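Working notes, beginning with the structure itself.
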Amino acid sequence: CEHLLLPVQSGSDSILHKMGRGYTSEEYLSKVDRLKSLIPGIAISTDIIVGFPGETEDDFIKTEEILRKVEYDSLFLFKYSPRPETLAASLPNHVSTNIKEKRFDKLLMIQREISLKKNKELEGSIEKVLVEGPSKKDPEKLTARTRSNKIVNFYSSRDLKGEIVDIKITRGGLYSLDGEVIEGGC
């Protein structure tokens, strides 16, 4: 499937170095560009930690910039919290809880805008999906996943669990898509 979790953690090279990551933001972006050129339409998810010890406003802005540049399909976002017996716990300049929360909220808002835009762009497209079973929110609907790991909900009079079917996307929402089965598809 055309989905990959590629953790960036931070857009700041100084924070990446403090975290012990073996790459720079430039190297990371180069990998993203290569992936996108080799696999058109790939969905990329990432992990980001805000408020790592010593993270300045400039460091945070670099993380915000990488989020906007890559336009991730989804984001696993965390506020740094010290873990006993880790090097990071002993680092100076811990970021206040208030600043971490503000940075967290800002990145979450940006990602929501990106996710909604990307999901809306799928409206009208035909997607192959793997049907998982009844929707958790509406048992009258089925839930499936696209090849790029997006959730699609749709009505069907047949039990399609475990099948791959073609779905026309009728609505792109923030967290999922709605669609309708293309009869005779696949």
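The values are calculated or read from the model by the stated rules, or taken from the named source; none is laboratory data. Note that this is a predicted model, so its numbers are computed, not measured. FYI the Cβ positions are ideal-geometry reconstructions off the backbone, even for glycines, and counts take in every protein chain you see. Ligands, DNA and RNA are excluded from the accessible area calculation, which covers all protein heavy atoms including side chains. Shrake-Rupley method; radii C 1.70, N 1.55, O 1.52, S 1.80 Å.
Within the stretch 122-137, restricting attention to residues that are open to solvent by less than 40 Å² (accessible area, probe 1.4 Å) and farther than 16 Å from GLY173 by Cα, which residue is nearest to the chain's Cα centre (by Cα)?
VAL129
Return the residue satisfying two criteria in turn: it lies in the stretch 150-169 and is open to solvent by 70 Å² or more (accessible area, probe 1.4 Å) and not basic (Lys, Arg), and of such residues it is nearest to GLU127 (Cα to Cα).
Filtering first and then ranking leaves ILE164.
Out of the residues in the stretch 170-186 that are under 22 Å from the mean Cα position of the chain (by Cα) and assigned to a strand (DSSP E or B), state the one that is surrounded by the most Cβ atoms within 10 Å (Cβ to Cβ).
Taking the candidates together, the pick is GLY179.
I'd like the full set of residues that are without any contact (Cβ under 8 Å) to a residue 12 or more places away in the chain and under 18 Å from the mean Cα position of the chain (by Cα), limited to the stretch 1-33.
Once the filter is applied, which keeps residues that are without any contact (Cβ under 8 Å) to a residue 12 or more places away in the chain and under 18 Å from the mean Cα position of the chain (by Cα), the stretch 1-33 yields only ASP33.
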